[in-house]
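The structure appears right after this line, and notes come after that.
The values are calculated or read from the model by the stated rules, or taken from the named source; none is laboratory data. The shown structure was predicted, so the numbers you read here are calculated from the model rather than taken from an experiment. Using ideal geometry, Cβ is built from the backbone for each residue, glycine included, and neighbour counts are taken over all protein chains shown.
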């Protein structure tokens, strides 16, 4: 039996057919695809904040409460791009960091991930963002020079599209037939004037092939706080989820900052 121990961070991905997944620890890594059709045991051992590295209980996004409340990587504009202010030279938590992240090209996109959704990502996160969401298809719609303008576009389009992933439908792989190109052309009418110059006339469609042998009919989410030790047979990986034969799913990203042992 092989044993790995380390602090969870979201799985790294590599575009391919199928997509390749990796769990990266301090001193080693696992190609998670190789765990498909194997029984693995996950045991929650403790916590390690991804910022301060202290053994403090994780609050959100892999950070302890103190770090989540103060560091720029957890500021409100991360989840709400329209709140970005670096283009105005206004600091939220750390202007240098905010300029570095906000003042770069961003893409507003349509994706099929448990249904049709709208979203924003930095261009440097293409196509990783869509893989992490478990999207089977994605289509860039708008490319802006900064995060604020992408947020303005998203806010306008959220009146017509969901900005959330229906994770249960995504994991069940329920069919949702939508022509993304048609949806893209239709949404032009709802764009604010300041956004229209950034509309992408050319379509660049992305398709994703996830390593899943069996999709669950019902899903039950593994909670490491309630079930600190779990054993099951991995039958697939989609988004940031491990899918087990009994319908249990484990969202690796939810448990960033948790120290675990993996045995297989």
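Miscellaneous remarks
- Taking (1) within 19 Å of residue 256 (Cβ to Cβ); (2) in contact with a strand residue (DSSP E or B) (Cβ under 8 Å, 6 or more places away or on another chain); (3) at pLDDT 95 or above in turn, residue 4 satisfies each apart from (3).
- Of all the numbered requirements in (1) crowded, with 19+ Cβ neighbours inside 10 Å; (2) part of a helix (DSSP H, G or I); (3) under 21 Å from the mean Cα position of the chain (by Cα), residue 138 misses one, and that requirement is (2).
- Residues of segment 89-113 satisfying the condition of being touching a residue at least 24 places away in the same chain (Cβ under 8 Å) and either over 25 Å from residue 192 (Cα atoms) or not in a strand (DSSP E or B) (or both): 97, 98, 101, 102, 103, 104, 105, 113
- Selection of strands (runs of 3 or more DSSP E) fully inside segment 150-264 by the criterion of at least 3 residues being within 22 Å of the chain's Cα centre (by Cα) and under 30 Å from residue 103 (Cβ atoms) returns nothing.
- Candidate set from segment 30-51 (those that are exposed (fewer than 14 other Cβ atoms within 10 Å of the Cβ) and without any contact (Cβ under 8 Å) to a residue 60 or more places away in the chain); member that is nearest to residue 64 (Cα to Cα): 31
- Filter pass, residue 250 being in contact (Cβ under 8 Å) with a residue 12 or more places away in the chain, closer than 28 Å to residue 60 by Cα and not assigned by TED's automatic domain parsing to the domain that holds residue 23: no
- Every condition in (1) touching a helix residue (DSSP H, G or I) at 6+ places or on another chain (Cβ under 9 Å); (2) touching a residue at least 12 places away in the same chain (Cβ under 8 Å); (3) not in a loop (DSSP other than H, G, I, E, B) holds for residue 68 except the one numbered (2).
- The one condition in (1) under 19 Å from the mean Cα position of the chain (by Cα); (2) surrounded by 15 or more Cβ atoms within 10 Å (Cβ to Cβ) that residue 67 fails to fulfil: (1)
- Of all the numbered requirements in (1) surrounded by 17 or more Cβ atoms within 10 Å (Cβ to Cβ); (2) over 22 Å from residue 203 (Cβ atoms), residue 93 misses one, and that requirement is (1).
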